[in-house]
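Here is the structure we will look at.
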Amino acid sequence: MADIETWTKDSFEAKYKALMAGMSEADMKKSAVQVLHLCRCNKCPTNTEAGETTAVYCTLGRADRGLERKGCLCSDCAITRTMSLRWDYYCTKGSAVELSGLKAVETESV
Ligand code: SF4
Ligand code: SF4
């Protein structure tokens, strides 16, 4: 599991397990709101309807409206570095936990 000594090198999966595994949907939303100021989605050409609920897709998952991919700013986001995210276009592909396969593991173990 991720800890302070290995944090910079730890994978998203290890960090997720240390920080977020087992969180309720409401807590996940609260955690997304806390990093909203760092999220680049509201400045992204793909995200045409900027707003508080249309960001932090890496945590909250894909947008329920069809978005046309016009570029992704996630690689330039502090959350990508902090959480060792390795994907892009979360607004169309789904959340990092879905893309990592961890969500399926969590669902199976319920
Ligand atoms: S997830 Fe990437 S492509 Fe989608 S709105 Fe955010 S920065 Fe843009
Ligand atoms: S990685 Fe992308 S979706 Fe996640 S907070 Fe940063 S810009 Fe937003």
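Please verify whether the range 14-24 includes one or more residues that are surrounded by 13 or more Cβ atoms within 10 Å (Cβ to Cβ) and within 12 Å of ligand 2 (Cβ to nearest atom).
The first filter runs over the range 14-24 and keeps only residues surrounded by 13 or more Cβ atoms within 10 Å (Cβ to Cβ), leaving 14-18, 20-21, 23.
Subsequent filtering for residues that are within 12 Å of ligand 2 (Cβ to nearest atom) retains none.
There is no residue in the range 14-24 that is surrounded by 13 or more Cβ atoms within 10 Å (Cβ to Cβ) and within 12 Å of ligand 2 (Cβ to nearest atom).
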Review point. Does the range 51-70 contain at least one residue that is of a type outside the set (A, V, I, L, M, F, W, C), more than 10 Å from ligand 1 (Cβ to nearest atom) and not in a loop (DSSP other than H, G, I, E, B)?
Key: yes
Study note, to complete from the structure: Selection from the range 27-60 of residues near ligand 2 (Cβ under 10 Å from one of its atoms), within 14 Å of the chain's Cα centre (by Cα) and crowded, with 17+ Cβ neighbours inside 10 Å yields ALA32, VAL35, CYS39, ARG40, CYS41, ALA55, VAL56, TYR57, CYS58, THR59, LEU60
Practice item. Give just the number: which of (1) within 23 Å of ASP10 (Cα to Cα); (2) part of a loop (DSSP other than H, G, I, E, B) does ILE79 not satisfy? Key: (2)
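Throughout, read-outs are computed from the coordinates displayed, never taken from laboratory work. Keep in mind it's a predicted model, so treat the numbers as computed, not measured. Here Cβ is always computed from backbone atoms with ideal geometry, including for glycine, and neighbour counts include all displayed protein chains.
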